[in-house]
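Trainee: Sending over a structure as structure tokens; questions will come in a sec.
The values are calculated or read from the model by the stated rules, or taken from the named source; none is laboratory data. Just so it is clear, the structure is predicted and the values come from calculations on it, not from any experiment. Every residue, glycine among them, receives a Cβ derived from its backbone with ideal geometry; neighbour counts consider all protein chains shown.
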Amino acid sequence: MARDKNKPNHGRKLKPESQMMSYGYRPEWSEGAIKCPVFQTSTFVFRSAEQGKAFFEVAYGIRQPRPDEKSGLIYSRINNPDLEILEDRLTLWDEAEDCAVFESGMGAITTAFLEFLKPGDLILTSAPLYGGTDHFLTTFLPKIGIEVMEFQPRQEEADIIRQLEASGKQDRLAMVYIETPANPTNALIDIGACKAIADKYSTKDKRVLVAVDNTYMGPLWQHPLKHGADLVLYSATKYIGGHSDVIAGACLGSMELIHRIKVLRTFLGNMAGPWTGWLLLRSLETLKVRMEQQAANAEKVAAWLTKHPKVEKVYYLGLLTPEDGQQYRIYKKQHNSPGAMMSFDIKGGGDAAGDERKAFQFLNRLKLIKLAVSLGSTESLAEHPATMTHIGVEEHHRALMNITAKLVRLSVGVEDYEDIIWDIEQALEAL
């Protein structure tokens, strides 16, 4: 059903925001309902035994789909109309061939690791990473014989290659995994340079993949596949969901790679359910207007923060200048917007304990902005990375990546920007 993507001939190529209302769905499938209903069913009926066999052959990876063959509906652990329509619509933003949706962002990330890495492999990662990803990389993957090597944002391509070569493990490289901008520092990684490194160590028998966590930029402000990435991953909880009421993840890429992801997803059982799919379909209709408002608000908030005497430094992409060298060049090459995420250092704690105390005083004083983790939703959120989202990162790693006790992370929402600034100002004045 959903694989027939309903591509009407409008006489023009419609932009993604115009297709979010109907792409992949036909009202006649559901009694004329203008919106896709929730297909709350566990199983689906086959027209014939032959059809059932063909559907299972593809779903279990026994064979690749034939040209123009639609993936059939079997069982909601494998596929469901709400999920298939959602996956079709998500491909539009990144111009991906296919997409797989999961019950969480970590479900998407860990499935990609487990499908494309094996014992003896090396994964090269940027730093810092989201705390959950960092924990899985450093505590679980080594248990199954997968080694992790990290590099820092401001290292150039040649420096990373020298690091690999000095380790003697370059021939074991299987994946380059990066998060750009980094959470929570907004440090940037050059996707094209990572692709060049992957290509350098690929052979005819082994393709080194580049995977990018694009959660911070969402589907609007950066498109990693266009810069050489093989896989792009999202916590769809964030900008894609956008309302703090659903947990989900997504992985996008070529038909070949996502087919492999979907086969493993079937057996891990971590695909999203129909209600999750329905909620995300709803959210996609307003994704662009939400994200554009958040970006506009963030620009004003960041400019205001730079002038406040109690703020030591603001980490926001829109403040990068040519004097920032590599980081500015990457920003201009990879991004359509500075986004709506920022962090800032609060001034004057004296030591780590004092810095934490001042940061907590600020956070506890907020009235409009909610003290909570997550990001990308309609409401503005603030948190303390060192003791919250990144508490699982080893202390010396946090220090190396500038995730200090004085750092506060802010996700800017769609509220009136003057109200957001008022709330930050009154909380800072209380210090």
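Trainee: Return only the number of the condition from (1) assigned by TED's automatic domain parsing to the domain that holds Phe267; (2) of a type in the set (Gly, Ala, Ser); (3) modelled with pLDDT of 90 or more that Ser76 does not satisfy.
Mentor: Of the numbered conditions (1) assigned by TED's automatic domain parsing to the domain that holds Phe267; (2) of a type in the set (Gly, Ala, Ser); (3) modelled with pLDDT of 90 or more, the odd one out for Ser76 is (3).
Trainee: Separate question: Here are Ala359, Ala352, Ala405: which of them is more than 17 Å from Lys238 (Cβ to Cβ), in contact with an Asp or Glu (Cβ under 6 Å, 6 or more places away or on another chain) and free of Cβ contacts under 8 Å to residues at least 60 places away in the same chain?
Mentor: From the options Ala359, Ala352, Ala405, the qualifying one is Ala405.
Trainee: With closer than 23 Å to Pro65 by Cβ, assigned to a helix (DSSP H, G or I), among the aliphatic types (A, V, I, L, M) and out of contact with any Phe, Trp or Tyr (no Cβ under 6 Å at 6 or more places or on another chain) as the only criterion, which of Val301, Val263 stands out? Steps first, answer last, please.
Mentor: On the way: Val301 fails: closer than 23 Å to Pro65 by Cβ.
Selected residue: Val263, the only one of Val301, Val263 that is closer than 23 Å to Pro65 by Cβ, assigned to a helix (DSSP H, G or I), among the aliphatic types (A, V, I, L, M) and out of contact with any Phe, Trp or Tyr (no Cβ under 6 Å at 6 or more places or on another chain).
Trainee: Take Leu280 and tell me if it is in contact with a strand residue (DSSP E or B) (Cβ under 8 Å, 6 or more places away or on another chain), touching a residue at least 60 places away in the same chain (Cβ under 8 Å), closer than 26 Å to Lys226 by Cα and not charged (D, E, K, R).
Mentor: Taking the combined requirement at face value, the residue satisfies it.
Trainee: If you go through the range 258-282, how many residues are among the polar types (S, T, N, Q) and crowded, with 23+ Cβ neighbours inside 10 Å?
Mentor: Within the range 258-282, the subset among the polar types (S, T, N, Q) is 266, 270, 276.
Narrowing further to those that are crowded, with 23+ Cβ neighbours inside 10 Å: 276.
Number of matching residues: 1.
Trainee: Restricting the search to the range 18-67, which residues are acidic (Asp, Glu) and under 29 Å from the mean Cα position of the chain (by Cα)? Break it down stepwise before answering.
Mentor: Going residue by residue through the range 18-67, those that are acidic (Asp, Glu) are 28, 31, 50, 57.
Those that are acidic (Asp, Glu) and under 29 Å from the mean Cα position of the chain (by Cα): none in the range 18-67.
Trainee: Got a number for residues in the range 92-117 being more than 19 Å from Thr266 (Cβ to Cβ) and among the aromatic types (Phe, Trp, Tyr)?
Mentor: 1
Per-residue answers, yes or no, for (1) in contact (Cβ under 8 Å) with a residue 40 or more places away in the chain; (2) over 29 Å from Gly413 (Cβ atoms); (3) crowded, with 19+ Cβ neighbours inside 10 Å:
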residue	(1), (2), (3)
Gly192	yes, yes, no
Lys195	no, yes, yes
Val212	no, no, yes
Thr215	yes, no, yes
Ala236	yes, no, yes
Gly241	yes, no, yes
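Trainee: Among the listed residues Ser104, Ser22, Ser30, Ser71, which satisfies the condition of being within 22 Å of Cys251 (Cβ to Cβ), touching a Pro at 6+ places or on another chain (Cβ under 9 Å) and of a type in the set (Gly, Ala, Ser)?
Mentor: Every option except Ser71 fails the conditions.
Trainee: While we're on this one: Taking Glu69 as the residue in question, decide whether it is over 30 Å from Gly145 (Cβ atoms), among the charged types (D, E, K, R) and in a helix (DSSP H, G or I).
Mentor: Against the criterion (over 30 Å from Gly145 (Cβ atoms), among the charged types (D, E, K, R) and in a helix (DSSP H, G or I)), Glu69 does not qualify.
Trainee: Which residue out of Arg365, Arg329, Arg398, Arg409 is modelled with pLDDT under 95 and of a type in the set (D, E, K, R)?
Mentor: Arg398
Trainee: Here is a check on your reading of the model: is Glu323 over 19 Å from the mean Cα position of the chain (by Cα) and without any contact (Cβ under 8 Å) to a residue 60 or more places away in the chain?
Mentor: Numbers: over 19 Å from the mean Cα position of the chain (by Cα): yes; without any contact (Cβ under 8 Å) to a residue 60 or more places away in the chain: yes.
Spelling it out, Glu323 is indeed over 19 Å from the mean Cα position of the chain (by Cα) and without any contact (Cβ under 8 Å) to a residue 60 or more places away in the chain.
Trainee: Still on this model: Could you list all residues from the range 140-185 that are at pLDDT 95 or above, closer than 18 Å to Gly105 by Cα and of a type outside the set (A, V, I, L, M, F, W, C)?
Mentor: Those that are at pLDDT 95 or above, closer than 18 Å to Gly105 by Cα and of a type outside the set (A, V, I, L, M, F, W, C): Tyr177, Glu179, Thr180, Pro181.
Trainee: Same structure, new question: On the basis of being surrounded by fewer than 19 Cβ atoms within 10 Å (Cβ to Cβ), in contact with a strand residue (DSSP E or B) (Cβ under 6 Å, 6 or more places away or on another chain) and not acidic (Asp, Glu), does Lys200 make the cut?
Mentor: Taking the combined requirement at face value, the residue does not satisfy it.
Trainee: Check Ile109, Ile34, Ile85 and return the single one that is more than 17 Å from Ile261 (Cβ to Cβ) and surrounded by 14 or more Cβ atoms within 10 Å (Cβ to Cβ).
Mentor: Answer to the selection: Ile85.
Trainee: Can you name every residue in the range 311-322 that is crowded, with 17+ Cβ neighbours inside 10 Å and in contact with a strand residue (DSSP E or B) (Cβ under 7 Å, 6 or more places away or on another chain)?
Mentor: Residues satisfying the conditions are Val311, Val314, Tyr315, Tyr316, Leu317.
Trainee: If a residue must be among the basic types (Lys, Arg) and farther than 22 Å from Gly277 by Cβ, how many such residues does the range 22-74 contain?
Mentor: Result for the range 22-74: 4.
Trainee: Moving on to the next point. Does Glu115 satisfy the criteria of being in a helix (DSSP H, G or I) and exposed (fewer than 13 other Cβ atoms within 10 Å of the Cβ)?
Mentor: no
Trainee: Follow-up. Would a scan of the range 250-257 turn up a residue that is small (Gly, Ala, Ser), surrounded by fewer than 24 Cβ atoms within 10 Å (Cβ to Cβ) and within 26 Å of Leu73 (Cβ to Cβ)? Explain how you work it out, then say what you get.
Mentor: Let us first name the residues in the range 250-257 that are small (Gly, Ala, Ser), namely 250, 253-254.
If we keep only those that are surrounded by fewer than 24 Cβ atoms within 10 Å (Cβ to Cβ) as well, we get 254.
Now restrict to residues that are within 26 Å of Leu73 (Cβ to Cβ): 254.
So far as the range 250-257 goes, yes, one or more of its residues are small (Gly, Ala, Ser), surrounded by fewer than 24 Cβ atoms within 10 Å (Cβ to Cβ) and within 26 Å of Leu73 (Cβ to Cβ).
Trainee: Quick test of your reading of the structure: Ile178 fulfils all but one of (1) crowded, with 24+ Cβ neighbours inside 10 Å; (2) outside any strand (DSSP E or B); (3) not small (Gly, Ala, Ser). Name the failing condition by number.
Mentor: Ile178 satisfies all of (1) crowded, with 24+ Cβ neighbours inside 10 Å; (2) outside any strand (DSSP E or B); (3) not small (Gly, Ala, Ser) except (2).
Trainee: A further question on this structure: For the range 53-76, give me each residue that is within 30 Å of Lys288 (Cα to Cα) and among the charged types (D, E, K, R). Outline the logic, then answer.
Mentor: Just the residues of the range 53-76 that are within 30 Å of Lys288 (Cα to Cα), to begin with: 70-71, 76.
Correct list: Lys70 only.
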